[in-house]
Amino acid sequence: MIASIQHHPRGHDLLTLAALCNERATDDRCVYDLTCPLRLAYEGGDYWYLWGTATTGTVLQYSWVAVQLDGQPERYREELERCYGIEATISAEVALDRLLAVERRRAAEKEEP
């Protein structure tokens, strides 16, 4: 199953997600060109991907692990939070909200002394 959000209707949120990823990039090959289309996709398996174009013109994708937490021990949730993953969903809308929360938390932790 492929679930995805493309350039709209949540294009602004996709730009925000890409900008948050850009903040932690250490190499130009890993910086999204925010003027190019973005796509959030679940292509089956255990990952959500943000596809776009790097500032170098190459294809760029970030990925986040998505783990089913229902019925799992609490340590699964702790590990998922530690590695900045999200609880599994096949809804692109729900995944985007969860990914934005994760990346905002990651950015806030980076700013802490």
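Nothing in this text is a laboratory measurement; each read-out follows from the coordinates by a stated rule. Nothing here was measured: the structure is a model prediction, and the numbers come from that model. Heads up, the Cβs are rebuilt from the backbone with ideal geometry, glycines too, and the neighbour counts pull from every protein chain shown.
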Review point. Cα axis of helix 92-111 to longest principal axis of the chain: angle in degrees, 0 to 90, nearest 10?
Key: 80
Practice item. Per DSSP H run of n ≥ 4, the term is -39500 (n - 2.57); total these for the chain, divide by its residue number, and report the mean residue ellipticity at 222 nm rounded to 500 deg cm²/dmol. Key: -12000 deg cm²/dmol
Review point. Say the dipole of the chain comes from +1 at the beta carbon of Lys and Arg and -1 at that of Asp and Glu; which of His12, Tyr47, Gln68 then lies farthest toward its positive end?
Key: His12
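If you take the beta carbon distance between Val94 and Asn22 as r and set R0 to 22 Å, what does 1/(1 + (r/R0)^6) give as a FRET efficiency, to the nearest 0.05?
The calculated FRET efficiency here is 0.40.
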Review point. Relative to the Cα centre, what is the charge dipole magnitude of the chain, using +1 at the beta carbon of each Lys and Arg, -1 at the beta carbon of each Asp and Glu, and rounding to the nearest 20 debye?
Key: 180
